[in-house]
Every structure is written in structure tokens, then in C-alpha cells.
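Student: Let me begin by handing over the structure; questions about it come next.
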Amino acid sequence: MAKIDIIGAGAAGMWQAFLLSRLGHKVTLYDPAGTPSQNCASGCAGGMLGSYCEGEPGHEEARDLGLEAMEIWKEHYPYLKLNGTLVVASPRDVADLQRFAAVTQGHTRVGVDEISALEPALEDRFRDGLFYKDEGHIEPFVALEYFIKEAAAQGTKLVAEAWEETNADVVIDCRGLAARDHLKTLRGVRGERVVVDCPGVTLSRPVRMTHPRIPFYIVPWSDHQFMIGTTAIESDDRGPATLRSVTEIMAAAYALIPALGEARIAFMDADVRPSFPDNAPKIILGETPSGRPRIYVNGLFRHGFLLSPILAKITADYIESGAKAPGVVLEDHGEW
Ligand SMILES: Cc1cc2nc3c(=O)[nH]c(=O)nc-3n(C[C@H](O)[C@H](O)[C@H](O)COP(=O)(O)OP(=O)(O)OC[C@H]3O[C@@H](n4cnc5c(N)ncnc54)[C@H](O)[C@@H]3O)c2cc1C
């Protein structure tokens, strides 16, 4: 049994705390923004677990790791919704839908009847779509609270303060973009979102719309609340959402489901996704200032909720047996 400090209570840190305390390790989880933290990229997510939709060329590891991660979600999260993902396109953007179909797996083509049967709110306005039946979704903050409560019940100590070096055997650094003090190639990819309440609209699953300029999605949360997102801007700016971005996002949502015109805006915000230049997640074996093992888990980009369970499992395997998952667990020679 190891004494483990985990730094950061976002998606990455919560899964590490949950799995490692479940394995009997003595875990302490630190975050000055709270445990769980809402003031971070994880607090701004939509909650899609889109292992296939996220697996476009260049993101194959998101698909492969995501498929393994889904099995862990199924095993441990009772509130996981496994209703798939529906992707549609307006008739003028069908070419983009065909491209998306060609570069992703795990879908079936659906026509107007199947689309309106899956999501009656879309009525008969879309003739072409893709249904990814094995994808899922969650409500991010509900999941964060659930896993951190479970971790605490398993013995994890929660400390709402910034981490400072202790005598822990291993430190797992899940600070997101704050880890740039060591991981110099990390960058932010800004995402903005609008969350609305609309009792008149029901969706059973995330609906994504392919679009050459503004691909966007709607994720249904509980009580007819919907997360509408999102931009992907090369920027570290964590400031509030801009008028232009939310106007575009809301106009696209309203075009997808006109009844959303009556939705009440609950809030709109923005944050930045911690990302490496290749947008692939990494587990990097470094050390603390006093020379203890420090494992960085970072670069979760657009897939932080999807991938955190499998990254936690890979980290646990490394701590317990020294196993290094190829291409994911990497030595630290200062190049990151
Ligand atoms: C708009 C938007 C929508 C998204 N939608 C999805 C989605 O649908 N599905 C999906 O899978 N992913 C989604 N993502 C991506 C996902 O949110 C990120 O990949 C993920 O949140 C990154 O998690 P993290 O734990 O690595 O970092 P963060 O969530 O940024 O957490 C890092 C934490 O470290 C803490 N910290 C920093 N310094 C210290 C310190 N010294 N001591 C202790 N703690 C410290 C911070 O306070 C923070 O709470 C979305 C992102 C955005 C912005």
C-alpha cells in the first residue's frame, strides 16, 4: 500500500483518487478550488463520452483508450447514460456528414424516420444522420461529486488547499494547465458553452451537428437542462464567453431545435482544455523537488471525462507493477 498525494480535483484527479483508494492505497487529494473543483476545465465540460465521435484521424488514441474507459465507466458509475450519440447535418452540409462517417467507426446510417424516432424533438427536419449506439454521457459535476464522495468513503483525505511537498511515496500531478510550470509544451484550447433550461424539449442523448465552420452539440442533463457547446479556440484565455461565440452557438442550437427558442439561459461560461501539441493524453514520469516519484497525468484535451478512468487504471498498474502502457506512459527528459 502506497502513500499517494493527488494534486488537482478535476476529472483526472477524481478518477485517480477513486481507483487508487479503492485498491487500498492511502490517498490525499489536494485542490485549492475545492474537492471537487468546479473552477477548472472539468467544471465547464458537457459530459459526452464519445469514444467513436472523438476518434477522427489524428485522435485514434482517444478512440482506443476511450473504448477501454467506457468499460470502467460502466463498471463504476450508476448514473451513466448509455443512449448513444446522434449526429445530424443540414441538407447543405451532407458532404461534411459523409466525411465524418468515413473517418469514424461504430455508427450506423440513419434516415428521417429513424432520426425522429430516436429524438422526436428533431421532428422530420433531418434526412441524414449517424447513430453511435455505444456512446454515453454523464453530467460532469454530478459525476465529480459522486466519485469524490466515493473516494472519501474509501479513505481518501480531501484537502481544499494547494499541494505542498509531503513524505508521500508517489505524487500524481493532475493540475491541468497549471502544470505548465514543468510541462512547457502544454497549451490551452478554449471552449465556451451555454447552459439552458427548456421544459418543453426532451432529448435522450447528445446530438451533434456537423458543420464546416461551427460543429456543435447539445448534451441533455437532468430536469430538461441542456449544455450547448462549444468553441475550440487556440487560446489560454479563461475569461467569460464572448458575445460572438455564444451568439453562434445559440443560433446553431435554435436552428437544430426551434423549440429551444423558448429556453431560459441558466448560465454561460468558458474554460481551457489542457492539451499537448499532438492533442494526445500523456502520463509522464517525473519527480518532485525533493526527488520523489511524480506522475503527471495531463493533456486530456477534449476528452477529459471520457479518458480519465483508463488513465487512472494505467497509472495504478504502473504504481503496482511498474507496467508502462506503450505510447501513454512516458519518461520525462524535459521534452514535454
Ligand atoms: C467547454 C468544454 C466542454 C468539454 N466537454 C467535454 C466532454 O463533453 N467530454 C469530455 O470527455 N471532455 C470534455 N471537455 C474536456 C475536459 O473538460 C478536460 O479534458 C478535462 O476537464 C481536463 O481535466 P483535468 O482534471 O486534467 O484538468 P482540470 O479540470 O483543469 O483540473 C485541474 C485542477 O487542478 C487544480 N490545481 C491547480 N494547481 C494546483 C495545486 N498547486 N494544488 C492543488 N490543485 C491544483 C485546479 O484548481 C483544478 O481544479 C470539455 C472542455 C471544455 C472547456
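The values are calculated or read from the model by the stated rules, or taken from the named source; none is laboratory data. Source: prediction; values computed, not measured. Positions of Cβ are backbone-derived with ideal geometry, glycine not excepted, and every protein chain shown enters the neighbour counts.
Student: List the number of the failed condition for Ser290; all other conditions in (1) at pLDDT below 95; (2) hydroxyl-bearing (Ser, Thr, Tyr); (3) in contact with a His (Cβ under 8 Å, 6 or more places away or on another chain) hold.
Tutor: (3)
Student: Okay, next question. Got a sec? Which of Gly24, Gly55 is of a type in the set (Gly, Ala, Ser), touching a Lys or Arg at 6+ places or on another chain (Cβ under 6 Å), in contact (Cβ under 8 Å) with a residue 12 or more places away in the chain and more than 9 Å from the ligand (Cβ to nearest atom)?
Tutor: On inspection, the qualifying residue turns out to be Gly55.
Student: Only one of (1) in contact with a Gly (Cβ under 9 Å, 6 or more places away or on another chain); (2) in a loop (DSSP other than H, G, I, E, B); (3) of a type outside the set (Val, Ile, Thr); (4) surrounded by fewer than 16 Cβ atoms within 10 Å (Cβ to Cβ) is not met by His333, so which one is it?
Tutor: Among (1) in contact with a Gly (Cβ under 9 Å, 6 or more places away or on another chain); (2) in a loop (DSSP other than H, G, I, E, B); (3) of a type outside the set (Val, Ile, Thr); (4) surrounded by fewer than 16 Cβ atoms within 10 Å (Cβ to Cβ), His333 violates only (1).
Student: A further question on this structure: Take Leu19 and decide whether it is more than 15 Å from the ligand (Cβ to nearest atom), over 16 Å from the mean Cα position of the chain (by Cα) and not in a strand (DSSP E or B).
Tutor: no
Student: A follow-up question, please. Residue by residue through the range 1-13, note down the ones that are in contact with a Gly (Cβ under 9 Å, 6 or more places away or on another chain), at pLDDT 95 or above and not small (Gly, Ala, Ser).
Tutor: Once the filter is applied, which keeps residues that are in contact with a Gly (Cβ under 9 Å, 6 or more places away or on another chain), at pLDDT 95 or above and not small (Gly, Ala, Ser), the range 1-13 yields Ile6, Ile7.
Student: Any idea which residue in the range 1-47 is farthest from Trp221 (Cα to Cα), counting only those that are surrounded by fewer than 23 Cβ atoms within 10 Å (Cβ to Cβ) and of a type in the set (D, E, K, R)?
Tutor: Among those that are surrounded by fewer than 23 Cβ atoms within 10 Å (Cβ to Cβ) and of a type in the set (D, E, K, R), it is Lys3.
Student: Which of the residues that make up the range 98-124 are over 23 Å from the mean Cα position of the chain (by Cα) and within 21 Å of Ala253 (Cβ to Cβ)?
Tutor: Val110, Val112, Ile115, Ser116, Leu118, Glu119, Pro120, Ala121, Leu122, Glu123, Asp124, listed by residue number.
Student: So, one more: Exactly one of (1) within 9 Å of the ligand (Cβ to nearest atom); (2) in contact (Cβ under 8 Å) with a residue 40 or more places away in the chain; (3) loosely packed, with under 14 Cβ neighbours inside 10 Å is unmet by Glu164. Its number?
Tutor: Answer for Glu164: the failing condition is (2).
Student: Tally the residues that are at pLDDT below 90 and not in a loop (DSSP other than H, G, I, E, B), restricting the search to the range 23-61.
Tutor: Count: 2.
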